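Below is one structure, written out as structure tokens; comments come after it.
Readers should treat all values here as calculations from the given coordinates under stated rules, not as data from a laboratory. On a predicted model such as this, the values are computed, not experimentally measured, just so you know. A quick note on method: Cβ atoms are made from the backbone with ideal geometry, for glycine too, and the neighbour counts reach across all protein chains shown.
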Amino acid sequence: MKSYKIALIPGDGIGTAVTEAAWEVLARAARGAGFGLDGTSFPWSCDFYEKTGAMMPADGIETLRGFDAILLGAVGWPKRVPDSVSLHGLLLPIRKAFVPYANIRPHRLLPGVEGPLRAGSFDILCIRENTEGEYAGAGGRVHNGTADEVAVETSIFTRKGVERILRFGFEQARKRRGKLASVTKSNAQKYSMVFWDEITARLAADYPDIEVANYHIDAMAARMVMAPESLDVVVASNLFGDILTDLGAAIQGGLGFAASANINPERNVPSMFEPVHGSAPDIAHLGIANPIAAIWSGAMMLEHLGEAGAAKAVMTAIEAATARRIGTEPGRHKTQDITAAVLSALG
Ligand code: NAD
């Protein structure tokens with residue numbers, strides 16, 4: 001029987017509960033579809049940091065390298081460990097090591113979920129460039145603490161980086177409804193964003209079947225609120241994608257439904273799948289974390305592994321639960337009840 005090696009990093013707070021829920025659902029989906037999921041759980045977290053002085057062991061990245069995928073819950077417990085330590089000690093090293101240059105997030109309203117918009121159905125796949133651009137970390141400060149202090153932070157856009165993320169977007173559009181929206185601000189940023197637009201236009205010639213539209217980031221923000229149904233695949237730089245995907249999470253009903261994948265399409269290293277939300281210390285011990293975002297991220301993992309049938313089964317089961325309004329309102333159902341509803345729909 002085919003089997004996949006999955007590294008589980010539940011992390012902190014609600015990360016543990018939602019990862020457990022997702023794993024239960026994924027394991028059942030795998031059994032139903034006739035393949036195996038061989039999970040190894042790693043206790044890397046803020047607790048681990050307090051015990052050992054590090055968020056993960058020195059050979060943590062090398063350990064993860066041998067897996068087919070990583071399923072992560074959430075990391076952070078700011079009352080005890082500064083976010084800068086937990087982020088830089090675990091999430092960022094994984095992202096750096098495996099160059100998951102495509103951060104993808106699906107935004108659509110699940111049945112039974114009421115988002116803040118009057119708009120009816122929409123189904124958007126946001127693809128955020130995840131390795132360079134505005135978050136490249138190039139910059140510095142001089143004359144610190146004086147009246148003459150200067151801070152400079154430079155965006156880095158490389159031909160390789162922009163081409164690969166756009167090409168990934170075109171490929172995704174081909175698998176969906178054939179529309180790609182490229183987001184820049186080329187009226188104001190005449191070097192990097194004009195460069196991005198030029199590459200979009202050049203690649204469009206390779207994808208004559210894809211309908212391409214260019215939007216400025218401000219116009220796209222408005223469009224996601226006013227006419228989200230007009231969008232299919234949206235590709236944006238690191239900063240613009242960061243902002244648009246939070247907007248996407250909001251219009252789909254909130255963090256309980258926001259799933260994500262950090263993908264390296266070259267597939268020679270593990271990609272990482274995680275709900276967008278954090279460890280939610282405010283509700284961590286109440287048993288009311290919504291596991292749907294984590295389960296949906298798990299479905300994206302199955303899809304990435306090539307198990308499209310099982311991924312579809314998980315999504316259908318999530319939708320069956322939310323259509324019964326289970327998990328659709330914050331705090332109304334317990335994590336275990338939402339998980340049970342998804343499991344029962346999965347059969
Ligand atoms: P958060 O996402 O943890 O919580 C924001 C709000 O949304 C809270 O009120 C929380 O109760 C609610 N919420 C989030 N997920 C929910 C769910 N599944 N079900 C029900 N309610 C949910 O963001 P925060 O409070 O700003 O951050 C808390 C910690 O998480 C911090 O340490 C932060 O750095 C970390 N964080 C980690 C990640 C990650 O691991 N990828 C992402 C974001 C934040």
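A compact table of results
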read-out	value
Selection from the range 242-265 of residues that are within 22 Å of residue 121 (Cβ to Cβ), in a helix (DSSP H, G or I) and not hydrophobic (A, V, I, L, M, F, W, C)	245, 246, 248, 256
Residue within the range 76-84 that is more than 19 Å from residue 308 (Cα to Cα) and assigned to a helix (DSSP H, G or I) present	yes
Pair list, Cβ under 9 Å, 6 or more apart: the range 149-166 residue loosely packed, with under 13 Cβ neighbours inside 10 Å, other residue among the basic types (Lys, Arg)	149/141; 150/141; 151/141; 152/141
Sole residue being assigned to a loop (DSSP other than H, G, I, E, B) and within 21 Å of residue 239 (Cα to Cα), chosen from 93, 100, 57, 106	100
Set 33, 21, 17, 54: member being under 25 Å from residue 280 (Cα atoms) and either away from the ligand (no atom under 16 Å from the Cβ) or within 17 Å of the chain's Cα centre (by Cα) (or both)	54
Leading residue by the ranking (surrounded by the most Cβ atoms within 10 Å (Cβ to Cβ)) among those in the range 315-342 that are of a type in the set (Lys, Arg) and over 16 Å from residue 285 (Cα atoms)	325
Single unsatisfied condition, residue 268 versus (1) of a type in the set (S, T, N, Q); (2) within 16 Å of the ligand (Cβ to nearest atom); (3) in a loop (DSSP other than H, G, I, E, B)	(2)
Flag for residue 44 being within 21 Å of residue 309 (Cα to Cα) and either β-branched (Val, Ile, Thr) or within 16 Å of the ligand (Cβ to nearest atom) (or both)	no
Near pairs, Cβ below 6 angstrom, 6+ apart or cross-chain, from the range 67-96 (touching a residue at least 40 places away in the same chain (Cβ under 8 Å) and under 26 Å from residue 23 (Cβ atoms)) to any residue that is part of a loop (DSSP other than H, G, I, E, B) and near the ligand (Cβ under 6 Å from one of its atoms)	74/278; 74/279; 76/278; 76/279; 86/75; 86/76; 90/75
Residues (surrounded by fewer than 19 Cβ atoms within 10 Å (Cβ to Cβ) and part of a loop (DSSP other than H, G, I, E, B)) located in the range 211-238	227
Scope the range 312-343; condition touching a residue at least 24 places away in the same chain (Cβ under 8 Å) and away from the ligand (no atom under 16 Å from the Cβ); matching residues	313, 314, 316, 317, 319, 320, 323, 324, 343
So residue 183, is it under 23 Å from the mean Cα position of the chain (by Cα) and within 18 Å of residue 129 (Cα to Cα)	yes
Options 110, 90; residue that is within 16 Å of the ligand (Cβ to nearest atom), over 17 Å from residue 8 (Cα atoms) and out of contact with any strand residue (DSSP E or B) (no Cβ under 7 Å at 6 or more places or on another chain)	110
